[in-house]
Amino acid sequence: MTTTPAVLADAAAYADAVATATKAAAAYYADGGSALDDDSYDRLVRAIEAYESEHPDEILADSPTGKVAGGAAVGDVPHTIPMLSLDNVFSAEQFSAWAAGVDRRIGREVTQWSVEPKLDGLAIAARYVNGRLTRLITRGDGTAGEDVSHGITSIEGLPAELAEPYTLEIRGEVLMTTAQFEEANEARTAHGGEPFANARSAAAGSLRAKDRAYKVRMLFFGYGVIPTEHTAEDLAEQLRTLPHGELMTKVAALGVHTADATEVPGRVVATVEEVQQRIEEIGALRAELPFGIDGVVIKADLAADQQAAGFGTRAPRWAIAYKLPAVEKITKLVGVEWNVGRTGVIAPRAQLEPVEIDGSTVTYATLHNPADITRRDLRLGDQVMVYKAGDIIPRIEAPVAHLRTGDEQPIVFPEVCPQCGSGIDTSEQRWRCERGRNCHLVASLSYAAGRDQLDIEGLGASRIVQLVDAGLVTDLADLFTLTRDELLALDRMGATSTDNLLAAIERAKTQPLSRVLCALGVRGTGRSMSRRIARHFATMDAIRAADEAAIQEVEGIGPEKSPVIVAELAELAPVIDKLVAAGVNMTEPGATGPAPQGETADAPAAGPLDGMTVVVTGAMTGALEALSRNQMNELIERAGGKSSSSVSKRTSLVVAGEGAGSKRTKAEDLGVRLLTPDEFAEMLGELLA
Ligand code: IVH
């Protein structure tokens, strides 16, 4: 053995040193013994590095410095034992049939099955020599794979050194956990690259890439272990004879990550029924796992059973993959909605072209926050990979960058709170409305004061913001007890606007019950439902006295809605009491209310539109000109009719004003009676007065 000089004298000595080191590395990583021990090799490389830093223009291309595995790792690497695939089954019946086939083949019943998750990554063989990790090889074509030893430092769960100085080959799967995938895409897009569509392709792409400017992390899961030609005979014998489950325990004890360290450890069970049960358990846990699985692998646990069953050309006959349904699909991102939560957090939500995943139709996915959108480089019109398993909320994994057409558009972030119009606090990742919890109050009061509800002129969103911020208003009823002095004390509030506002509030007290009810914002009711409820019950007292059954007498309220409405009204009781105390009207003009128990209701006074369904379209003119669509609908209902927004065979009448388009055409096609606004006004007669 040569002693290595600490200093290389000249170019010739440097070239010699490089040649020696390269040969040593090649021998070492090829699973053979090197001519140099570790220490000598390390000293040689340090001398080479020293020479290179003095003579940077003389560095030889095949120098081992800066290369993982000393640059030895290139070309196709034959596998010691072929790396096979697995056959698949997709149902309990198919699995039972397969298991029965194994029993027949080996002439006895398999009584020990190992059941473990099928990890959704890439198969890798990790060679250890004397306990040191020397080489990583992909499955390739099964007989020879690609050397990906450069990835060693990116892969967690594969220790550089085993707890014992064994020479053996660990086989398993390399994947990215959900968190690692997100990190990887973040790093990649930050370096100007396009995101990977999902964790699996990210792992595949990252594993083979060399010389990345950034580092990504991956995770290894061992699922098998085999001897190599240099494995000591007694160890080799153990590896050939121990049951699979025990081998996995041994692999984990050596420091290698396996499924046993996760929420879905491998289990050895005795019967096909127990296998099924374990498959179901793993399937149920799938959605919560921090890494992807695409099935469950079932293996005959005993070495003797495995040997008796043998191998096919493509897959072993003693193991099978039970595939779980796909939980990923590609669909189009068509829009982004911004919703404001109870605490004022403004959260984006992706609108998707509907896609069926795992038995349900997905149309929305969470997006967390604006930074999340930027980080993922999402654009409107992108094809995106969507993940949905079990009951979890669907999520977008990433855009499928290679499907981009160039027509994708940036996602526009809101500049003001989409709910109340206030400013947005963007200082944290989760954007929040500046009003925080009061945002909902501002929004609900703005709605209540709106034209189709209480119609309080002069009470716009900015005025409401002032009132809320000053602490003058904490609910709808507080609006009705505002004093002149309180209003005058507000910014930009002169005597005239104060008096006008007070007068508008006073007028609002006389609005019909339907509008008051609507202003309260009872969940499950909008404008037309509020009108139906108010007409049916006639007074707020009657509404509040109604139980679920009574509420269901209102058209359009079924057993699902009724408990919500009853509960909402109970919750709103204090506000309603305050409104009553402030003198707000709580009756519906013209309505008589439901008949007392046991009696049939008096037929309501017949109106000109009794029993008719009416659709209004186009601009109203003449006597109807000033009416909003909501007011038109109110009018129709007061006249005994039902308002609707779409024309069908059941439509009795279409009021078509100027600029009426497709609804008018459809009415003509269906032969539905058409009226001009003037004709309709005439029909309503005195109701209009
Ligand atoms: S055993 C000879 N166990 O699935 C036995 N494979 O679709 C071969 N896989 O190529 C593999 N999880 O890459 C086994 N727990 C597990 C697995 C697993 C994932 C992969 C493996 C294999 C592929 C077949």
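More than 16 Å from the ligand (Cβ to nearest atom) and either under 18 Å from E146 (Cα atoms) or under 17 Å from the mean Cα position of the chain (by Cα) (or both): does that describe A190?
Values: more than 16 Å from the ligand (Cβ to nearest atom): yes; either under 18 Å from E146 (Cα atoms) or under 17 Å from the mean Cα position of the chain (by Cα) (or both): no.
So A190 fails the test.
Does V225 satisfy being open to solvent by less than 70 Å² (accessible area, probe 1.4 Å), of a type in the set (A, V, I, L, M) and closer than 22 Å to L84 by Cβ?
Numbers: open to solvent by less than 70 Å² (accessible area, probe 1.4 Å): yes; of a type in the set (A, V, I, L, M): yes; closer than 22 Å to L84 by Cβ: yes.
Taking the combined requirement at face value, the residue satisfies it.
Here is a yes/no grid of residues against (1) modelled with pLDDT of 90 or more; (2) not β-branched (V, I, T):
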site: G205; (1), (2): no, yes
site: R208; (1), (2): no, yes
site: R217; (1), (2): yes, yes
site: Y223; (1), (2): yes, yes
site: I226; (1), (2): yes, no
site: E237; (1), (2): yes, yes
site: H244; (1), (2): yes, yes
site: V251; (1), (2): yes, no
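Here are R200, R212: which of them is open to solvent by 50 Å² or more (accessible area, probe 1.4 Å) and within 23 Å of P316 (Cβ to Cβ)? Show your work before the answer.
Values: R212 fails: within 23 Å of P316 (Cβ to Cβ).
Answer to the selection: R200.
What number goes with the only condition from (1) modelled with pLDDT under 95; (2) surrounded by 17 or more Cβ atoms within 10 Å (Cβ to Cβ); (3) within 16 Å of the ligand (Cβ to nearest atom) that L158 does not pass?
Failing condition for L158: (1).
Which of the helices (runs of 4 or more DSSP H) contained wholly in the stretch 166-252 include at least 1 residues that are touching a residue at least 40 places away in the same chain (Cβ under 8 Å) and more than 25 Å from I293 (Cβ to Cβ)?
Details: elements: 178-190, 199-208, 233-241.
Fully inside the stretch 166-252 and qualifying: 178-190, 233-241.
Right, Q419: open to solvent by 60 Å² or more (accessible area, probe 1.4 Å) and touching a residue at least 40 places away in the same chain (Cβ under 8 Å) or not?
yes
Suppose we keep only residues that are within 10 Å of the ligand (Cβ to nearest atom) and under 22 Å from G359 (Cβ atoms) within the stretch 315-337. Which one would you say is most open to solvent (accessible area, probe 1.4 Å)?
Checking each candidate, the answer is K323.
Within the stretch 622-668, track down each residue that is assigned to a strand (DSSP E or B) and in contact (Cβ under 8 Å) with a residue 60 or more places away in the chain. Steps first, answer last, please.
Of all residues in the stretch 622-668, those assigned to a strand (DSSP E or B) come to 642-644, 653-656, 658.
Hit for the stretch 622-668 is S643, nothing else.
(1) modelled with pLDDT under 95; (2) outside any loop (DSSP other than H, G, I, E, B): which one isn't true of L487, the others all being true?
If we test L487 against (1) modelled with pLDDT under 95; (2) outside any loop (DSSP other than H, G, I, E, B), just (1) comes out false.
From the residues in the stretch 253-277 that are crowded, with 21+ Cβ neighbours inside 10 Å and assigned to a helix (DSSP H, G or I), which one is farthest from the ligand (Cβ to nearest atom)?
Result: V275.
Which of the following residues is among the hydroxyl-bearing types (S, T, Y), in contact with a strand residue (DSSP E or B) (Cβ under 8 Å, 6 or more places away or on another chain) and within 16 Å of the ligand (Cβ to nearest atom): T138, T134? Steps first, answer last, please.
Details: T134 fails: within 16 Å of the ligand (Cβ to nearest atom).
When all the criteria are applied, what remains is T138.
Could you figure out which of (1) among the hydrophobic types (A, V, I, L, M, F, W, C); (2) over 29 Å from R376 (Cβ atoms); (3) away from the ligand (no atom under 16 Å from the Cβ); (4) modelled with pLDDT under 95 isn't true of A163?
(4)
So that you can scan it fast, the table gives a plain yes or no per residue for (1) away from the ligand (no atom under 12 Å from the Cβ); (2) farther than 29 Å from V216 by Cβ; (3) open to solvent by less than 50 Å² (accessible area, probe 1.4 Å):
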residue	(1), (2), (3)
L86	no, no, yes
S91	yes, yes, yes
A100	yes, yes, yes
V148	yes, no, yes
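From the residues in the stretch 283-314 that are within 12 Å of the ligand (Cβ to nearest atom) and surrounded by fewer than 16 Cβ atoms within 10 Å (Cβ to Cβ), which one is nearest to R105 (Cα to Cα)? Can you show your working first?
Filtering the stretch 283-314 for residues within 12 Å of the ligand (Cβ to nearest atom) gives 291-300, 306, 309-312, 314.
After this cut, where a residue has to be surrounded by fewer than 16 Cβ atoms within 10 Å (Cβ to Cβ) as well, the list is 310-312, 314.
Numbers: G310: 10, F311: 12, G312: 13, R314: 18 Å.
Out of the qualifying residues, it is G310.
Quick one: count up the residues across the stretch 344-389 that are under 26 Å from R435 (Cβ atoms) and touching a Leu at 6+ places or on another chain (Cβ under 7 Å).
Taking the stretch 344-389 and keeping what is under 26 Å from R435 (Cβ atoms), we get 344-351, 364, 366-374.
Filter once more, keeping what is touching a Leu at 6+ places or on another chain (Cβ under 7 Å): 348-350, 364, 373.
Of the residues in that region, 5 qualify.
The values are calculated or read from the model by the stated rules, or taken from the named source; none is laboratory data. If you're wondering where the values come from, they're calculated on a predicted model, not measured in any experiment. We place every Cβ from the backbone using ideal geometry, glycine too, and count neighbours over all the protein chains shown. Just so you know, the surface numbers come from the protein's heavy atoms only, side chains and all, with ligands and any DNA or RNA stripped out. Shrake-Rupley method; radii C 1.70, N 1.55, O 1.52, S 1.80 Å.
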